[in-house]
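Peer 1: Here it is: the structure, laid out below.
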């Protein structure tokens, strides 16, 4: 059962920032954070629901924090069937619908701002896929691309500015793999590698956040 009544984009945020986005299958549990004068707005997508991924994942939280501190309004949300979100796992296709619904909510809330899409792991596959296709999305932030699990070659022809942050020892795509993948991506692009880290950045969340902050600055300037 949803913990909150669905919220319209024009309504003021509760102090906690916790909202429910109305969607066709019910509602998506979300957290919105807005600086006083945001320069852009970003949706942040979380890791695989069947692997325990939620919007409260440490990397997702730190990524949203870096975006907020960079002056962006952020919306992170739970995919269908996760937390208080309704529905059930949608094999990646349903989750793309969820990402589009989150994007539509954020666009309606901030119609004058540039919109970015961001995501970690499975959330990077979903968020970057949707972001590359949607004309309203102007910049992409990918974290922990699971190259052994998902195909990211669609980014090879995507001319939107892209920032990628990857762990050097990522089990699903370490330094050599991500460097090769990013070489093929269309410009503009930039890669940050967090040395010594594995996929979930355990013990490396501070250097990850520092890299994410640099990535946000890069995207703001490109």
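Per-residue answers, yes or no, for (1) surrounded by 15 or more Cβ atoms within 10 Å (Cβ to Cβ); (2) touching a strand residue (DSSP E or B) at 6+ places or on another chain (Cβ under 9 Å); (3) within 13 Å of residue 98 (Cα to Cα); (4) touching a residue at least 12 places away in the same chain (Cβ under 8 Å):
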{"site": "14", "(1), (2), (3), (4)": "no, no, no, no"}
{"site": "20", "(1), (2), (3), (4)": "yes, yes, yes, yes"}
{"site": "25", "(1), (2), (3), (4)": "yes, no, yes, yes"}
{"site": "31", "(1), (2), (3), (4)": "yes, yes, no, yes"}
{"site": "34", "(1), (2), (3), (4)": "yes, yes, no, yes"}
{"site": "38", "(1), (2), (3), (4)": "yes, yes, no, yes"}
{"site": "52", "(1), (2), (3), (4)": "no, no, no, no"}
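Peer 1: Within the stretch 62-70, does at least one residue satisfy the condition of being surrounded by fewer than 17 Cβ atoms within 10 Å (Cβ to Cβ) and within 23 Å of residue 201 (Cα to Cα)?
Peer 2: Yes: the stretch 62-70 contains one or more residues that are surrounded by fewer than 17 Cβ atoms within 10 Å (Cβ to Cβ) and within 23 Å of residue 201 (Cα to Cα).
Peer 1: Based on this model, can you work out whether residue 165 counts as in contact with a helix residue (DSSP H, G or I) (Cβ under 6 Å, 6 or more places away or on another chain), surrounded by 14 or more Cβ atoms within 10 Å (Cβ to Cβ) and farther than 13 Å from residue 148 by Cβ?
Peer 2: Here the answer is yes, as residue 165 does meet what is asked.
Peer 1: Hey, another quick one. Name every residue in the stretch 194-206 that is within 14 Å of residue 65 (Cβ to Cβ) and out of contact with any helix residue (DSSP H, G or I) (no Cβ under 8 Å at 6 or more places or on another chain), in order of residue number.
Peer 2: 206
Peer 1: Please state which one of 128, 140 is within 17 Å of residue 91 (Cα to Cα) and buried (at least 24 other Cβ atoms within 10 Å of the Cβ).
Peer 2: The match here is 128.
Peer 1: Got a sec? Which of 174, 144 is closer than 19 Å to residue 47 by Cβ and free of Cβ contacts under 8 Å to residues at least 12 places away in the same chain?
Peer 2: Every option except 174 fails the conditions.
Peer 1: Now, a different point. Mind counting the residues in the stretch 105-117 that are surrounded by fewer than 17 Cβ atoms within 10 Å (Cβ to Cβ) and assigned to a helix (DSSP H, G or I)?
Peer 2: Number satisfying all stated conditions: 1.
Peer 1: Of the residues that make up the stretch 80-92, is at least one more than 18 Å from residue 23 (Cβ to Cβ) and touching a residue at least 60 places away in the same chain (Cβ under 8 Å)?
Peer 2: no
Peer 1: For residue 188, state whether it is farther than 16 Å from residue 213 by Cα, touching a residue at least 24 places away in the same chain (Cβ under 8 Å) and surrounded by fewer than 18 Cβ atoms within 10 Å (Cβ to Cβ).
Peer 2: Considered against the rule, which asks whether it is farther than 16 Å from residue 213 by Cα, touching a residue at least 24 places away in the same chain (Cβ under 8 Å) and surrounded by fewer than 18 Cβ atoms within 10 Å (Cβ to Cβ), residue 188 comes out as yes.
Since every read-out is calculated from the coordinates, none of them should be taken as a lab result. The model shown is predicted, which means the values in this text are computed figures rather than measured ones. Using ideal geometry, Cβ is built from the backbone for each residue, glycine included, and neighbour counts are taken over all protein chains shown.
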